[in-house]
Amino acid sequence: MNTQSLLSVIDTGTKLDAAKTINMHQAVGNQTNAAKRFITVPWAMGFKHLADEGYVISAASNLW
């Protein structure tokens, strides 16, 4: 079985898919860090108002 974790990018102006989907498995493979960090179970997300910045709370991950 092969599974892929995908992260969709939404254009908040148009409220449509921005066609910039990120394959998280490829993103982990491209990391230069030997630990190859991966957010396993996203629990919640929050975004700064009028900013290009957000945060993810993840269960079962050892990330800061």
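Looking across the stretch 37-60, the residues that are open to solvent by less than 100 Å² (accessible area, probe 1.4 Å) and either in a strand (DSSP E or B) or among the basic types (Lys, Arg) (or both) come down to 41, 42, 44, 46, 48, 54, 56, 58, 59.
Run down 34, 27 and say which single residue is open to solvent by 90 Å² or more (accessible area, probe 1.4 Å), at pLDDT 75 or above and of a type in the set (Gly, Ala, Ser). That would be 34, the only listed residue that is open to solvent by 90 Å² or more (accessible area, probe 1.4 Å), at pLDDT 75 or above and of a type in the set (Gly, Ala, Ser).
Pairs are defined by a Cβ separation below 8 Å, a sequence spacing of at least 6 or placement on different chains, a first member in the stretch 18-30 that is β-branched (Val, Ile, Thr), and a second member that is open to solvent by 50 Å² or more (accessible area, probe 1.4 Å) and not in a strand (DSSP E or B); the pairs so defined are 21/8; 28/36; 28/37; 28/38. Residue check: residue 41 meets all listed conditions (1) out of contact with any strand residue (DSSP E or B) (no Cβ under 7 Å at 6 or more places or on another chain); (2) at pLDDT below 75 but one, namely (1).
The values are calculated or read from the model by the stated rules, or taken from the named source; none is laboratory data. Small disclaimer: the values here were computed from a predicted structure and weren't measured. Because the Cβ atoms are built from the backbone with ideal geometry, glycine has one as well, and the counts that use them run over all protein chains shown. Calculation scope for accessible area: heavy atoms of the full protein, side chains included, ligands and nucleic acids excluded. Shrake-Rupley method; radii C 1.70, N 1.55, O 1.52, S 1.80 Å.
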